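The values are calculated or read from the model by the stated rules, or taken from the named source; none is laboratory data. Source: prediction; values computed, not measured. A quick note on method: Cβ atoms are made from the backbone with ideal geometry, for glycine too, and the neighbour counts reach across all protein chains shown.
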Amino acid sequence: MRTGRPLSSPAQKVTSFFSGIIDFFFPPLCCICGKPSEHYPFLCADCLRSCTEFADVPDTALMRREHPADYVACMYYFDPLIQKLVHLLKYRDMPFVGECLGERIGTCFRDKPPAECDILLPVPLHPQRRRERGYNQSACIARGIAKIWKVPMETRLLKRCRNTRSQTKLNREERRENIRGAFQLRKSAKVPERICIVDDVFTTGATTLEIAGLLRKSGAKQLSILTLATPVKDQ
Ligand SMILES: [Zn+2]
């Protein structure tokens, strides 16, 4: 199944002429149902509609429990459809999935407190993981949001200095322990006052909690967490 890619840089626009011709004869197909995908190059309008969006901002005590951020929100419930999109984004070399969904998040949260930020800060990957994947999936999402909000994305403020093991099979306490001390501010980094941290999946919040704590200690005044999806259903 072929899926198209949005083209953005001027050099790529030359290629877009030819890809336009290819798209005419072989339209990009939805990665979920296989129908021509007219909305995004990987997702048709019907499948997009069936993604479970949180109707209201899930800024709840459940997600904010022990979290030092002022505002915590997720765009989608981690249902099988969103799971598949996250899988494509993380393991199938489809960075544009993150950017398109980021634009959707940006549109949805445009008038909400996280949009009043000085920078968007994607959760950094360890350089080794970044090399293996070829890109940081959270930065793809943040790039999409940045387009809508017209706020800069900052990828040099923070670095991941420890390559942590996968959090998938760990419980809340183990996740906190696993991620402790994994991030460092770069030397001479000036921490802006209002920061929106962007991540792909919010499970127990251990990763963003660690980063938010570090930024708070370093002078950040207003912290928001915005993530693509969460398996935490009881909002
Ligand atoms: Zn579809």
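Observations on the model:
- The listed residues are A55, A73, and the only one of them that is at pLDDT below 90, within 24 Å of L223 (Cα to Cα), out of contact with any strand residue (DSSP E or B) (no Cβ under 6 Å at 6 or more places or on another chain) and small (G, A, S) turns out to be A55.
- Test: F42 is within 18 Å of M94 (Cβ to Cβ), modelled with pLDDT of 70 or more and either away from the ligand (no atom under 16 Å from the Cβ) or in the same structural domain as F96 (by TED's automatic domain parsing) (or both): no
- Y91 meets each of the listed conditions (1) modelled with pLDDT under 80; (2) surrounded by fewer than 19 Cβ atoms within 10 Å (Cβ to Cβ); (3) away from the ligand (no atom under 13 Å from the Cβ) apart from (1).
- Some residue of the range 163-174 being loosely packed, with under 13 Cβ neighbours inside 10 Å, at pLDDT 90 or above and in a helix (DSSP H, G or I): no
- Scanning the range 104-157 for residues that are part of a helix (DSSP H, G or I) and hydrophobic (A, V, I, L, M, F, W, C) gives I105, C108, A115, A139, C140, I141, A142, I145, A146, I148, W149.
- Among the residues of the range 211-235, those that are crowded, with 20+ Cβ neighbours inside 10 Å and not β-branched (V, I, T) comprise A212, L215, A220, L223, S224, L226, L228, A229.
One line per residue, one yes/no per condition, for (1) at pLDDT 90 or above; (2) within 23 Å of P192 (Cβ to Cβ); (3) touching a Phe, Trp or Tyr at 6+ places or on another chain (Cβ under 7 Å):
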site	(1), (2), (3)
E66	no, no, no
P95	yes, no, yes
L101	yes, no, no
R110	yes, yes, yes
E116	yes, yes, no
